Amino acid sequence: MNKGVASGIMEALWGWPPPVLDPAGPYASSVTTLAWALFAMGVLVTGIVVAALYVAIRGPERWRRKLGGEKAVWIGGIAFPAVVLTGLLIWGLALTASLTEPITGREARVRVTGEMWWFRVEYLDPAGRVIVRDANELHLPLDRPVVLELRSADVVHSIWIPHLSGKMDMVPGRINQLRVEASRTGRFGGVCAEYCGGPHALMGFVTEVHEAANYDRWLAAQAARQAGAVAPGATPGEPAAVARDPQVPERYDPARGWALFRDTGCAACHRIAGTEANGLAGPDLTHVGSRLSLGAGILPNHRGTMMGWIADSQSIKPGNRMPSYDRLSAEELGHIAAFLEAQK
Amino acid sequence: MRHVAVAALLTVAACKPPPDDRTSLPADAAERGKAVIERVSCGSCHAIPGVDWPRGGAGPSLEGFDDVGLIAGALPNTPGNLAAFVRDAPATKPGSTMPPMPITPAEAQDVAAYLYGMKDE
(Lines give C-alpha, C1' and ligand atoms only; values in the text may rest on other atoms or scores of the structure.)
Protein backbone atom coordinates (compact mmCIF):
# COMPACT_ATOMS: atom_id res chain seq x y z
CA MET A 1 0.00 0.00 0.00
CA ASN A 2 1.14 3.47 -0.84
CA LYS A 3 2.35 4.94 2.44
CA GLY A 4 1.11 8.41 1.66
CA VAL A 5 -2.46 7.26 1.13
CA ALA A 6 -4.48 7.35 4.30
CA SER A 7 -7.98 6.45 3.24
CA GLY A 8 -9.84 3.68 1.47
CA ILE A 9 -11.21 5.98 -1.18
CA MET A 10 -7.79 7.44 -2.04
CA GLU A 11 -6.29 3.97 -2.18
CA ALA A 12 -9.05 2.72 -4.51
CA LEU A 13 -8.80 5.53 -7.00
CA TRP A 14 -5.24 6.88 -6.96
CA GLY A 15 -1.74 5.50 -6.90
CA TRP A 16 0.66 3.90 -9.30
CA PRO A 17 0.09 1.46 -10.89
CA PRO A 18 -3.57 2.46 -11.10
CA PRO A 19 -5.57 0.09 -8.88
CA VAL A 20 -7.66 -1.16 -11.82
CA LEU A 21 -4.47 -2.35 -13.53
CA ASP A 22 -2.93 -3.79 -10.38
CA PRO A 23 -4.82 -7.04 -9.80
CA ALA A 24 -4.55 -8.73 -6.41
CA GLY A 25 -6.81 -11.67 -7.16
CA PRO A 26 -7.67 -14.19 -9.89
CA TYR A 27 -10.82 -12.39 -11.04
CA ALA A 28 -9.24 -9.00 -11.39
CA SER A 29 -6.15 -10.51 -12.95
CA SER A 30 -8.02 -12.22 -15.83
CA VAL A 31 -9.88 -8.99 -16.56
CA THR A 32 -6.61 -7.04 -16.49
CA THR A 33 -4.97 -9.52 -18.89
CA LEU A 34 -7.94 -9.21 -21.24
CA ALA A 35 -7.85 -5.42 -21.02
CA TRP A 36 -4.16 -5.31 -21.94
CA ALA A 37 -4.73 -7.74 -24.84
CA LEU A 38 -7.59 -5.63 -26.19
CA PHE A 39 -5.50 -2.50 -25.79
CA ALA A 40 -2.62 -4.13 -27.70
CA MET A 41 -5.02 -5.22 -30.47
CA GLY A 42 -6.41 -1.70 -30.62
CA VAL A 43 -2.90 -0.27 -31.03
CA LEU A 44 -2.07 -2.84 -33.73
CA VAL A 45 -5.23 -2.14 -35.75
CA THR A 46 -4.76 1.62 -35.40
CA GLY A 47 -1.20 1.16 -36.67
CA ILE A 48 -2.43 -0.82 -39.70
CA VAL A 49 -5.11 1.76 -40.53
CA VAL A 50 -2.67 4.67 -40.22
CA ALA A 51 -0.14 2.84 -42.43
CA ALA A 52 -2.86 2.13 -45.03
CA LEU A 53 -3.90 5.77 -44.94
CA TYR A 54 -0.33 6.85 -45.53
CA VAL A 55 -0.02 4.48 -48.49
CA ALA A 56 -3.32 5.75 -49.89
CA ILE A 57 -2.13 9.36 -49.78
CA ARG A 58 1.60 9.23 -50.33
CA GLY A 59 2.42 5.66 -51.33
CA PRO A 60 3.76 4.47 -54.70
CA GLU A 61 1.23 4.18 -57.53
CA ARG A 62 1.41 0.35 -57.60
CA TRP A 63 0.65 0.00 -53.84
CA ARG A 64 -2.19 2.48 -54.04
CA ARG A 65 -3.84 0.50 -56.82
CA LYS A 66 -3.52 -2.67 -54.74
CA LEU A 67 -5.01 -1.00 -51.70
CA GLY A 68 -7.99 0.24 -53.69
CA GLY A 69 -8.65 -3.18 -55.21
CA GLU A 70 -11.47 -5.53 -54.32
CA LYS A 71 -9.02 -8.07 -52.91
CA ALA A 72 -7.83 -5.64 -50.24
CA VAL A 73 -11.41 -5.19 -49.07
CA TRP A 74 -11.98 -8.93 -48.86
CA ILE A 75 -8.77 -9.55 -46.93
CA GLY A 76 -8.39 -6.42 -44.79
CA GLY A 77 -12.05 -5.57 -44.37
CA ILE A 78 -13.67 -8.98 -43.91
CA ALA A 79 -11.28 -11.92 -43.47
CA PHE A 80 -8.84 -10.23 -41.05
CA PRO A 81 -11.46 -8.78 -38.64
CA ALA A 82 -13.51 -11.99 -38.75
CA VAL A 83 -10.55 -14.18 -37.82
CA VAL A 84 -9.10 -11.81 -35.21
CA LEU A 85 -12.40 -10.97 -33.51
CA THR A 86 -13.50 -14.62 -33.40
CA GLY A 87 -10.15 -15.57 -31.89
CA LEU A 88 -10.37 -12.77 -29.32
CA LEU A 89 -13.93 -13.70 -28.41
CA ILE A 90 -13.11 -17.36 -27.82
CA TRP A 91 -9.95 -16.53 -25.88
CA GLY A 92 -11.72 -13.85 -23.84
CA LEU A 93 -14.61 -16.12 -22.94
CA ALA A 94 -12.23 -18.88 -21.87
CA LEU A 95 -10.15 -16.45 -19.85
CA THR A 96 -13.10 -14.92 -18.01
CA ALA A 97 -14.96 -18.20 -17.49
CA SER A 98 -13.79 -18.09 -13.87
CA LEU A 99 -15.84 -14.91 -13.38
CA THR A 100 -19.05 -16.86 -13.75
CA GLU A 101 -17.91 -19.86 -11.71
CA PRO A 102 -20.94 -21.05 -9.80
CA ILE A 103 -21.11 -20.35 -6.10
CA THR A 104 -20.93 -23.68 -4.29
CA GLY A 105 -22.29 -22.51 -0.96
CA ARG A 106 -19.20 -23.77 0.84
CA GLU A 107 -17.40 -20.43 0.63
CA ALA A 108 -17.14 -18.14 3.62
CA ARG A 109 -19.89 -15.54 3.48
CA VAL A 110 -19.86 -11.87 4.38
CA ARG A 111 -23.00 -9.78 4.14
CA VAL A 112 -22.32 -6.23 2.98
CA THR A 113 -25.20 -3.79 3.07
CA GLY A 114 -25.02 -0.41 1.37
CA GLU A 115 -26.42 2.37 3.53
CA MET A 116 -26.47 6.11 2.92
CA TRP A 117 -23.41 6.61 3.02
CA TRP A 118 -21.46 3.75 4.52
CA PHE A 119 -21.15 -0.04 4.35
CA ARG A 120 -22.57 -2.37 6.98
CA VAL A 121 -20.44 -5.51 7.12
CA GLU A 122 -21.55 -8.73 8.80
CA TYR A 123 -19.59 -11.97 8.90
CA LEU A 124 -21.75 -15.10 8.73
CA ASP A 125 -21.11 -18.59 10.05
CA PRO A 126 -21.83 -21.62 7.82
CA ALA A 127 -25.41 -21.67 9.11
CA GLY A 128 -25.93 -18.08 7.96
CA ARG A 129 -25.98 -16.53 11.43
CA VAL A 130 -24.25 -13.21 11.96
CA ILE A 131 -21.19 -13.75 14.16
CA VAL A 132 -19.42 -10.41 13.78
CA ARG A 133 -20.95 -7.00 13.05
CA ASP A 134 -18.62 -4.40 11.66
CA ALA A 135 -18.65 -1.49 9.25
CA ASN A 136 -16.65 0.11 6.46
CA GLU A 137 -14.01 -2.55 6.54
CA LEU A 138 -13.76 -5.93 4.88
CA HIS A 139 -11.29 -8.55 6.04
CA LEU A 140 -10.53 -11.42 3.68
CA PRO A 141 -8.41 -14.56 3.90
CA LEU A 142 -5.62 -15.10 1.37
CA ASP A 143 -6.29 -17.53 -1.50
CA ARG A 144 -9.73 -18.51 -0.28
CA PRO A 145 -12.89 -17.53 -2.14
CA VAL A 146 -15.39 -15.47 -0.17
CA VAL A 147 -18.93 -14.73 -1.27
CA LEU A 148 -20.14 -11.22 -0.57
CA GLU A 149 -23.89 -11.13 -0.04
CA LEU A 150 -24.78 -7.69 -1.26
CA ARG A 151 -27.85 -5.81 -0.11
CA SER A 152 -29.01 -2.25 0.18
CA ALA A 153 -30.92 -0.60 2.98
CA ASP A 154 -32.13 2.38 0.98
CA VAL A 155 -31.11 3.26 -2.58
CA VAL A 156 -28.97 1.54 -5.21
CA HIS A 157 -25.31 1.42 -4.24
CA SER A 158 -22.49 -0.46 -5.93
CA ILE A 159 -19.48 -2.09 -4.38
CA TRP A 160 -16.12 -1.84 -6.10
CA ILE A 161 -12.71 -3.06 -4.94
CA PRO A 162 -10.64 -2.30 -8.05
CA HIS A 163 -7.75 -4.55 -7.00
CA LEU A 164 -9.99 -7.59 -6.56
CA SER A 165 -13.02 -7.56 -8.82
CA GLY A 166 -15.48 -5.66 -10.94
CA LYS A 167 -18.38 -3.65 -9.64
CA MET A 168 -21.59 -5.20 -8.39
CA ASP A 169 -24.76 -3.28 -7.66
CA MET A 170 -26.42 -3.35 -4.25
CA VAL A 171 -30.13 -3.18 -5.02
CA PRO A 172 -32.88 -2.64 -2.44
CA GLY A 173 -35.00 -5.75 -1.98
CA ARG A 174 -32.52 -8.00 -3.74
CA ILE A 175 -29.47 -10.01 -2.79
CA ASN A 176 -26.62 -10.00 -5.28
CA GLN A 177 -23.69 -12.31 -4.75
CA LEU A 178 -20.12 -11.45 -5.61
CA ARG A 179 -17.33 -13.97 -5.34
CA VAL A 180 -14.01 -12.41 -4.42
CA GLU A 181 -10.63 -13.95 -3.86
CA ALA A 182 -7.32 -12.31 -3.04
CA SER A 183 -3.93 -13.69 -4.03
CA ARG A 184 -1.83 -11.11 -2.21
CA THR A 185 -1.99 -9.76 1.32
CA GLY A 186 -2.33 -6.05 1.88
CA ARG A 187 -4.81 -3.24 2.17
CA PHE A 188 -6.98 -2.33 -0.75
CA GLY A 189 -9.42 0.52 -1.06
CA GLY A 190 -13.05 0.19 -2.03
CA VAL A 191 -15.73 2.66 -3.01
CA CYS A 192 -19.41 2.96 -3.74
CA ALA A 193 -19.55 3.09 -7.53
CA GLU A 194 -23.17 4.10 -8.05
CA TYR A 195 -24.31 7.63 -7.30
CA CYS A 196 -26.45 7.37 -4.17
CA GLY A 197 -27.07 11.01 -3.34
CA GLY A 198 -25.42 13.51 -0.97
CA PRO A 199 -21.93 12.53 0.11
CA HIS A 200 -21.76 9.53 -2.26
CA ALA A 201 -18.22 10.54 -3.22
CA LEU A 202 -17.21 10.07 0.44
CA MET A 203 -18.56 6.53 0.77
CA GLY A 204 -15.76 4.03 0.81
CA PHE A 205 -14.17 1.26 2.82
CA VAL A 206 -10.89 -0.54 3.34
CA THR A 207 -10.26 -4.19 2.50
CA GLU A 208 -7.52 -5.99 4.36
CA VAL A 209 -6.29 -9.37 3.16
CA HIS A 210 -4.70 -11.58 5.83
CA GLU A 211 -2.82 -14.87 5.66
CA ALA A 212 -5.53 -17.52 6.02
CA ALA A 213 -4.39 -18.62 9.51
CA ASN A 214 -4.25 -15.02 10.73
CA TYR A 215 -7.69 -14.42 9.27
CA ASP A 216 -9.16 -17.38 11.13
CA ARG A 217 -7.59 -16.15 14.36
CA TRP A 218 -8.82 -12.62 13.72
CA LEU A 219 -12.38 -13.77 12.99
CA ALA A 220 -12.47 -16.01 16.04
CA ALA A 221 -11.26 -13.17 18.26
CA GLN A 222 -13.81 -10.74 16.85
CA ALA A 223 -16.60 -13.27 17.23
CA ALA A 224 -15.57 -13.99 20.83
CA ARG A 225 -15.54 -10.27 21.59
CA GLN A 226 -19.02 -9.84 20.07
CA ALA A 227 -20.46 -12.83 21.92
CA GLY A 228 -18.80 -12.03 25.24
CA ALA A 229 -21.03 -10.22 27.66
CA VAL A 230 -19.69 -7.10 29.32
CA ALA A 231 -21.44 -5.99 32.48
CA PRO A 232 -23.80 -3.11 31.67
CA GLY A 233 -22.19 0.20 32.39
CA ALA A 234 -18.70 -1.24 32.56
CA THR A 235 -16.06 0.00 30.20
CA PRO A 236 -15.28 -2.72 27.71
CA GLY A 237 -11.69 -3.03 26.66
CA GLU A 238 -8.54 -1.40 27.92
CA PRO A 239 -7.41 2.15 27.19
CA ALA A 240 -5.64 2.14 23.85
CA ALA A 241 -2.00 2.92 23.25
CA VAL A 242 -1.80 6.05 21.13
CA ALA A 243 1.25 7.26 19.23
CA ARG A 244 2.28 9.94 21.71
CA ASP A 245 5.03 10.98 24.04
CA PRO A 246 4.95 8.72 27.07
CA GLN A 247 5.90 11.55 29.44
CA VAL A 248 2.52 13.18 28.85
CA PRO A 249 0.06 11.40 31.10
CA GLU A 250 -3.28 10.36 29.61
CA ARG A 251 -5.70 13.06 30.68
CA TYR A 252 -8.82 11.52 29.25
CA ASP A 253 -10.78 8.86 31.04
CA PRO A 254 -12.41 6.07 29.00
CA ALA A 255 -14.92 5.49 31.79
CA ARG A 256 -16.11 9.09 31.55
CA GLY A 257 -16.11 8.64 27.79
CA TRP A 258 -18.43 5.67 28.14
CA ALA A 259 -20.80 7.66 30.36
CA LEU A 260 -20.88 10.48 27.81
CA PHE A 261 -21.32 8.01 24.95
CA ARG A 262 -24.32 6.54 26.71
CA ASP A 263 -25.86 9.80 27.85
CA THR A 264 -25.40 12.15 24.89
CA GLY A 265 -27.24 9.92 22.47
CA CYS A 266 -24.40 8.09 20.69
CA ALA A 267 -25.79 4.77 21.88
CA ALA A 268 -29.10 5.41 20.16
CA CYS A 269 -27.51 4.86 16.76
CA HIS A 270 -24.33 2.92 17.50
CA ARG A 271 -23.93 -0.54 18.93
CA ILE A 272 -21.08 -1.73 21.11
CA ALA A 273 -21.44 -5.46 21.72
CA GLY A 274 -22.01 -6.44 25.32
CA THR A 275 -23.11 -2.99 26.45
CA GLU A 276 -26.43 -1.22 26.57
CA ALA A 277 -25.39 0.70 23.46
CA ASN A 278 -27.38 -1.18 20.87
CA GLY A 279 -28.45 1.33 18.22
CA LEU A 280 -28.48 -0.13 14.74
CA ALA A 281 -28.98 2.99 12.61
CA GLY A 282 -25.28 3.80 12.39
CA PRO A 283 -22.08 1.79 12.05
CA ASP A 284 -21.34 -0.81 14.73
CA LEU A 285 -18.55 0.52 16.94
CA THR A 286 -17.60 -2.68 18.76
CA HIS A 287 -14.23 -2.70 16.97
CA VAL A 288 -13.91 0.98 16.09
CA GLY A 289 -10.61 1.32 17.94
CA SER A 290 -8.90 -1.10 15.55
CA ARG A 291 -10.54 0.21 12.41
CA LEU A 292 -8.30 1.33 9.61
CA SER A 293 -10.39 4.35 8.71
CA LEU A 294 -13.15 6.63 9.98
CA GLY A 295 -16.20 8.15 8.32
CA ALA A 296 -16.55 5.26 5.80
CA GLY A 297 -13.07 4.94 4.38
CA ILE A 298 -12.28 8.65 4.29
CA LEU A 299 -10.14 9.56 7.31
CA PRO A 300 -7.22 7.86 9.02
CA ASN A 301 -8.16 6.60 12.48
CA HIS A 302 -6.45 8.37 15.36
CA ARG A 303 -7.52 10.54 18.25
CA GLY A 304 -7.39 13.76 16.28
CA THR A 305 -9.63 12.56 13.48
CA MET A 306 -11.95 10.85 15.97
CA MET A 307 -12.47 14.08 17.91
CA GLY A 308 -12.80 16.14 14.75
CA TRP A 309 -15.32 13.71 13.29
CA ILE A 310 -17.55 13.62 16.37
CA ALA A 311 -17.41 17.38 16.84
CA ASP A 312 -18.09 18.38 13.26
CA SER A 313 -18.72 15.47 10.93
CA GLN A 314 -21.02 17.68 8.88
CA SER A 315 -18.16 19.83 7.56
CA ILE A 316 -16.08 16.75 6.82
CA LYS A 317 -18.85 14.75 5.13
CA PRO A 318 -21.68 17.19 4.44
CA GLY A 319 -25.12 15.65 4.62
CA ASN A 320 -24.11 12.47 6.42
CA ARG A 321 -26.64 11.24 8.93
CA MET A 322 -24.59 11.80 12.05
CA PRO A 323 -25.14 15.27 13.52
CA SER A 324 -22.15 17.41 14.48
CA TYR A 325 -21.79 17.19 18.24
CA ASP A 326 -20.48 20.74 18.50
CA ARG A 327 -22.10 21.23 21.87
CA LEU A 328 -19.64 18.80 23.45
CA SER A 329 -16.58 20.45 24.94
CA ALA A 330 -13.12 19.46 23.76
CA GLU A 331 -12.58 17.70 27.09
CA GLU A 332 -15.72 15.64 26.59
CA LEU A 333 -14.70 14.79 23.04
CA GLY A 334 -11.35 13.62 24.40
CA HIS A 335 -13.01 11.32 26.90
CA ILE A 336 -15.27 9.83 24.22
CA ALA A 337 -12.35 9.39 21.83
CA ALA A 338 -10.31 7.67 24.55
CA PHE A 339 -13.23 5.33 25.18
CA LEU A 340 -13.73 4.54 21.49
CA GLU A 341 -10.01 3.90 20.96
CA ALA A 342 -10.29 1.14 23.53
CA GLN A 343 -12.97 -0.67 21.51
CA LYS A 344 -10.76 -3.08 19.61
CA MET B 1 15.03 71.17 0.85
CA ARG B 2 15.18 69.05 -2.26
CA HIS B 3 18.55 67.66 -1.17
CA VAL B 4 17.13 66.66 2.15
CA ALA B 5 14.26 64.83 0.47
CA VAL B 6 16.62 62.93 -1.83
CA ALA B 7 18.85 62.03 1.09
CA ALA B 8 15.89 60.80 3.11
CA LEU B 9 14.71 58.73 0.18
CA LEU B 10 18.15 57.22 -0.30
CA THR B 11 18.34 56.38 3.39
CA VAL B 12 15.03 54.53 3.24
CA ALA B 13 15.99 52.77 0.01
CA ALA B 14 19.22 51.58 1.60
CA CYS B 15 17.33 49.75 4.30
CA LYS B 16 17.33 46.01 3.77
CA PRO B 17 14.01 44.32 4.35
CA PRO B 18 13.99 42.60 7.74
CA PRO B 19 15.33 39.06 7.58
CA ASP B 20 12.50 36.60 7.25
CA ASP B 21 13.51 33.24 8.61
CA ARG B 22 10.07 31.79 8.18
CA THR B 23 9.90 32.00 4.42
CA SER B 24 13.47 30.78 3.98
CA LEU B 25 12.47 27.28 5.05
CA PRO B 26 13.26 24.75 2.29
CA ALA B 27 10.52 24.39 -0.30
CA ASP B 28 10.62 20.60 -0.38
CA ALA B 29 10.00 20.59 3.37
CA ALA B 30 6.73 22.43 2.77
CA GLU B 31 5.80 19.90 0.10
CA ARG B 32 6.53 16.99 2.43
CA GLY B 33 4.62 18.81 5.15
CA LYS B 34 1.55 18.99 2.96
CA ALA B 35 1.74 15.23 2.37
CA VAL B 36 1.91 14.68 6.14
CA ILE B 37 -1.06 17.02 6.67
CA GLU B 38 -3.06 15.01 4.16
CA ARG B 39 -1.96 11.66 5.58
CA VAL B 40 -2.98 12.32 9.16
CA SER B 41 -5.87 14.49 8.00
CA CYS B 42 -5.27 17.68 10.01
CA GLY B 43 -8.22 18.96 7.97
CA SER B 44 -10.58 16.87 10.11
CA CYS B 45 -10.50 19.78 12.56
CA HIS B 46 -8.88 22.70 10.71
CA ALA B 47 -9.58 24.57 7.50
CA ILE B 48 -6.10 24.77 5.95
CA PRO B 49 -5.25 26.89 2.89
CA GLY B 50 -4.27 24.60 0.04
CA VAL B 51 -6.15 21.61 1.45
CA ASP B 52 -9.51 21.34 -0.34
CA TRP B 53 -10.92 18.57 1.80
CA PRO B 54 -11.64 17.97 4.60
CA ARG B 55 -12.17 21.37 6.18
CA GLY B 56 -13.44 20.46 9.61
CA GLY B 57 -14.77 23.02 12.01
CA ALA B 58 -13.78 21.54 15.37
CA GLY B 59 -10.52 23.49 15.61
CA PRO B 60 -9.61 27.02 14.53
CA SER B 61 -9.17 27.81 10.84
CA LEU B 62 -5.52 28.15 9.83
CA GLU B 63 -6.15 30.79 7.16
CA GLY B 64 -3.43 33.39 7.51
CA PHE B 65 -1.69 31.31 10.15
CA ASP B 66 1.79 32.45 9.09
CA ASP B 67 0.95 35.95 10.36
CA VAL B 68 -0.46 34.86 13.70
CA GLY B 69 1.59 36.12 16.63
CA LEU B 70 0.95 33.39 19.16
CA ILE B 71 0.29 29.69 18.61
CA ALA B 72 -2.96 28.78 20.34
CA GLY B 73 -2.78 32.20 21.99
CA ALA B 74 0.13 31.12 24.15
CA LEU B 75 3.41 30.30 22.41
CA PRO B 76 5.52 32.62 20.25
CA ASN B 77 4.89 31.60 16.66
CA THR B 78 8.35 30.28 15.77
CA PRO B 79 9.19 27.22 13.66
CA GLY B 80 10.54 25.33 16.67
CA ASN B 81 7.48 25.98 18.80
CA LEU B 82 5.14 25.21 15.96
CA ALA B 83 6.83 21.90 15.15
CA ALA B 84 6.65 20.88 18.79
CA PHE B 85 3.04 22.01 19.05
CA VAL B 86 1.67 20.19 15.99
CA ARG B 87 3.26 16.95 17.16
CA ASP B 88 2.23 17.01 20.79
CA ALA B 89 0.11 20.01 21.63
CA PRO B 90 -0.74 19.13 25.25
CA ALA B 91 2.95 18.69 26.11
CA THR B 92 3.88 22.00 24.48
CA LYS B 93 0.98 24.05 25.78
CA PRO B 94 -0.44 22.46 28.93
CA GLY B 95 -4.19 22.34 28.73
CA SER B 96 -4.37 22.36 24.93
CA THR B 97 -7.27 20.25 23.70
CA MET B 98 -5.57 19.40 20.43
CA PRO B 99 -4.54 15.75 20.73
CA PRO B 100 -0.98 14.50 20.06
CA MET B 101 -0.50 13.54 16.41
CA PRO B 102 1.01 10.29 15.11
CA ILE B 103 3.94 12.00 13.36
CA THR B 104 7.72 12.05 13.84
CA PRO B 105 9.63 15.19 14.93
CA ALA B 106 11.02 15.52 11.37
CA GLU B 107 7.53 15.32 9.94
CA ALA B 108 6.39 17.94 12.45
CA GLN B 109 9.08 20.30 11.15
CA ASP B 110 7.84 19.74 7.61
CA VAL B 111 4.29 20.51 8.71
CA ALA B 112 5.53 23.74 10.31
CA ALA B 113 7.31 24.61 7.06
CA TYR B 114 4.07 24.15 5.16
CA LEU B 115 2.07 26.26 7.60
CA TYR B 116 4.58 29.11 7.27
CA GLY B 117 4.82 28.84 3.52
CA MET B 118 1.10 29.22 2.91
CA LYS B 119 0.44 32.23 0.70
CA ASP B 120 -3.20 32.92 1.28
CA GLU B 121 -3.24 36.67 1.80
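The values are calculated or read from the model by the stated rules, or taken from the named source; none is laboratory data. Since this is a predicted model, take the numbers as computed values, not measurements. Virtual Cβ from ideal backbone geometry, glycine too; neighbours counted across all protein chains shown. To get the accessible areas, we keep the full protein, side chains included, count just its heavy atoms, and leave off ligands, DNA and RNA. Shrake-Rupley method; radii C 1.70, N 1.55, O 1.52, S 1.80 Å.
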With Cα springs under 10 Å, the Gaussian network model of chain A assigns the largest mean-square fluctuation among A:Asn301, A:Asn214, A:Asn320 to A:Asn214
Share of Cα-Cα pairs in the protein assembly as shown beyond 44 Å, whole percent, is 30 percent
The percentage of the accessible area of the protein assembly as shown (probe 1.4 Å, all protein chains present) made up of carbon and sulfur atoms, to the nearest whole number, is 63 percent
At 25 °C in a medium of viscosity 0.890 mPa s, region A:248-304 has a Stokes-Einstein diffusion coefficient, with Rh taken as the Kirkwood radius over alpha carbon pairs, in µm² per second, of 198 µm²/s
Asserting the computed 222 nm helical MRE of chain A (DSSP H runs at least 4 long, -39500 (n - 2.57) per run, divided by residue count, to nearest 500) equals -11000 deg cm²/dmol
Taking region B:20-117, the whole-percent share of alpha-carbon pairs separated by over 19 angstrom is 34 percent
Probe 1.4 Å, protein heavy atoms only: B and A together bury a total accessible area in Å², to the nearest 100, of 1800 Å²
With Rg from the Cα atoms and Rh as the Kirkwood inverse mean 1/r over Cα pairs, region A:267-344 has an Rg/Rh of 0.93
If R0 = 60 Å, then A:Asn176 and A:Glu61, at their Cβ-Cβ distance, give a FRET efficiency to the nearest 0.05 of 0.45
Mean accessible area per residue over region B:20-117 (1.4 angstrom probe, all protein chains present, square angstrom) is 43 Å²
Residues hit by the 10 Å² burial cutoff in region B:99-114, accessible area with a 1.4 Å probe, assembly against chain on its own, are B:Pro99, B:Pro100, B:Met101, B:Pro102
Kirkwood Rh over alpha-carbon pairs of region A:139-186 plugged into Stokes-Einstein at 10 °C, 1.306 mPa s gives a D in µm²/s of 139 µm²/s
With Cα springs under 10 Å, the Gaussian network model of chain A assigns the largest mean-square fluctuation among A:Tyr123, A:Tyr27, A:Tyr252 to A:Tyr252
Length-normalised contact order of chain A, Cα under 8 Å, at least 6 apart, in percent, tallies to 18 percent
For region A:37-128, the Cα convex hull volume per residue in Å³ comes to 158 Å³
Computed D for region A:66-210, Stokes-Einstein, Kirkwood radius over alpha-carbon pairs, 4 °C, 1.567 mPa s, to the nearest µm² per second, is 74 µm²/s
Checking A:Phe188, A:Phe119, A:Phe80 against a Gaussian network model of chain A (alpha-carbon springs below 10 Å), the top fluctuating residue turns out to be A:Phe80
Taking a probe of 1.4 Å and leaving out DNA, RNA and ligands, region A:108-227 shows per residue an accessible area in Å² of 37 Å²
Within the protein assembly as shown, the percent of DSSP beta bridges that are antiparallel, given to the nearest 5, stands at 70 percent
The set of residues whose placed amide H lies less than 5 Å from the amide H of A:Leu140, leaving out same-chain residues fewer than 5 positions away, is A:Glu208, A:Val209, A:His210
